[in-house]
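The values are calculated or read from the model by the stated rules, or taken from the named source; none is laboratory data. These numbers were taken from a predicted model, which means no experiment stands behind them. No Cβ is skipped: glycine too gets one built from the backbone with ideal geometry, and neighbour counts run over all protein chains shown.
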Amino acid sequence: MRKTLIGPRLRRLRRDHRQTQAEMAGALGVSTAYVNLLENNQRSLSVQMLMALSDAYGVDWRDLIKDESSTRLADLRSALQDPAFGAAPPDLQELRAAIDHAPRLVESFLQLYRSHRTALEKMMRLGNERMPDDILATSPETIIHDFFRDHANHFAELESAAEELRAAEPCDVDDVYAVLKARLRKVHGISVQTAPVEEMSQALRIHDEAAGLVRLSEALDHQNRVFQLAHVLCLVELPHVLEGLTAGSAVRSEVGLARCHVELANYFASAFLMPYAPFHAAAEESHYDIDRLAAAFGVSFEQVCHRLTTLQREGARGVPFFFLRVDKAGNVTKRFNATSFQIAEHGGACPVWNIHTAFRTPGVIVPQFVELPDGERFFTISRTTERPVFSRDTQDRRLVLSLGCEMRHAHRLAYAAPFNTEEAGLFSPIGINCHLCPRQACSQRAHQPLFIELPIDTKRRGNTRYES
């Protein structure tokens, strides 16, 4: 006779009722040890215990003894054969252990895999039964983003190098530009020259190695000229550090490595202009007032936002931020992330998020409390930033920056202080983008999701034509 084992279902029933094993044992009139043995499939279920469970918890006994483990095991084995997982799949013992001890995790994994397959199938149909090459290929931007994310957007080697170089010639904020020019000239034989826009072919910086000359466009304001010189200093003085940081990375192509070195040099420039310890102290003291920090360190609003995402030094961590920069069409032109905020990695096109409406109020910081479909909550601020303007044809080149953190850190930010976080309706429900957002009653929906079918009722008109 086949034994009836219900460990995972019994554990789920107990947790659904928010009971400990002792509390369930009391409700059933058995020992705590016996409940533990049942949950771990070390005892089979008797008819008497089945009836006790049915009476105590009002469940149908047929649901308790229904055995879905064989189906789950087959589904799990099939999913893990997908080439996307690469390595050899777990053996049967591991799979059975997962089904027995983490059934909800297994179900969530299978649901995610089914959604993934559905999305791929839809894209294949869109591509005439063939996946487009540009979808299969991983973009250099994604590789570089992942490289920074893998390092928690913090590079101790660059921080140390920036601190040493800054300490070698201590100076006031007003004198940093002169110090950088002098070091480039004395140590590397590089002169610096400001050139008219017409001579720069729309470039903002040109380093002519043969001539030993760095030319900066007069379109750059002072803050960005200083930043560009710090960037050049990193490239000429610390190439070994850059190569060491990228040596073991997934960045392989020559173009990808060059792009990664550019981003790392930008990191160094921020660290040089905003040394870690004093910047971290000023950020905490000012409650992360970005304008105050920009004034104190002689840098731009955007440079402060970028620097704030890097304060991840062990023992002196700042608020973990994400940072996005978008243009008027919603394209993300820069992203860094030290949080679990998925939009910072994969999105930025949700019209409910006020990163887009910030274009209406140039120069004004717009705060917002947001909630993702999975229930995670964040506090964000968005504000426009100006691009270099050097003619009447280059006016109104605004971008919007957004900086945000998880709600558990929001109390540390001055921008969140005026709000009552317990107020009903404070949080705006946002998503990654319409193609990936599962919300079924969003008035801003522009597309059906790729991975689910929203219900359509011909007798009812919902907020949009995509749901009823």
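Determine whether the stretch 336-350 contains at least one residue that is at pLDDT 90 or above, surrounded by fewer than 19 Cβ atoms within 10 Å (Cβ to Cβ), in contact with an Asp or Glu (Cβ under 9 Å, 6 or more places away or on another chain) and within 22 Å of His411 (Cα to Cα). No, because not a single residue in the stretch 336-350 is at pLDDT 90 or above, surrounded by fewer than 19 Cβ atoms within 10 Å (Cβ to Cβ), in contact with an Asp or Glu (Cβ under 9 Å, 6 or more places away or on another chain) and within 22 Å of His411 (Cα to Cα). Note on the stretch 184-219: among residues that are more than 36 Å from the chain's Cα centre (by Cα) and among the small types (Gly, Ala, Ser), the one that is farthest from Cys234 (Cα to Cα) is Ala195. When Arg62, Arg77, Arg43 are checked against the criterion of being among the basic types (Lys, Arg), outside any helix (DSSP H, G or I), modelled with pLDDT under 80 and over 29 Å from Asn337 (Cα atoms), Arg43 stands alone in meeting it. When the stretch 198-211 is filtered for residues that are of a type outside the set (Val, Ile, Thr) and in contact with a Lys or Arg (Cβ under 9 Å, 6 or more places away or on another chain), the ones remaining, listed by number, are Glu199, Met200, Ala203, Arg205, His207, Asp208. Number of residues in the stretch 158-184 that are surrounded by 15 or more Cβ atoms within 10 Å (Cβ to Cβ) and either closer than 27 Å to Gln312 by Cα or not hydrophobic (A, V, I, L, M, F, W, C) (or both): the value is 12. Consider the stretch 195-252 and keep the residues that are basic (Lys, Arg) and surrounded by 13 or more Cβ atoms within 10 Å (Cβ to Cβ). The one that is farthest from Ser300 (Cα to Cα) is Arg215. Of the residues in the stretch 278-298, at least one is closer than 24 Å to Leu229 by Cα, small (Gly, Ala, Ser), surrounded by fewer than 16 Cβ atoms within 10 Å (Cβ to Cβ) and not assigned by TED's automatic domain parsing to the domain that holds His154.
Summed over the stretch 434-447, residues that are buried (at least 16 other Cβ atoms within 10 Å of the Cβ) and more than 21 Å from Glu376 (Cα to Cα) total 0.
The criterion of being in contact with a strand residue (DSSP E or B) (Cβ under 7 Å, 6 or more places away or on another chain), outside the structural domain of Val232 (by TED's automatic domain parsing), surrounded by 12 or more Cβ atoms within 10 Å (Cβ to Cβ) and at pLDDT below 80 does not hold for His101.
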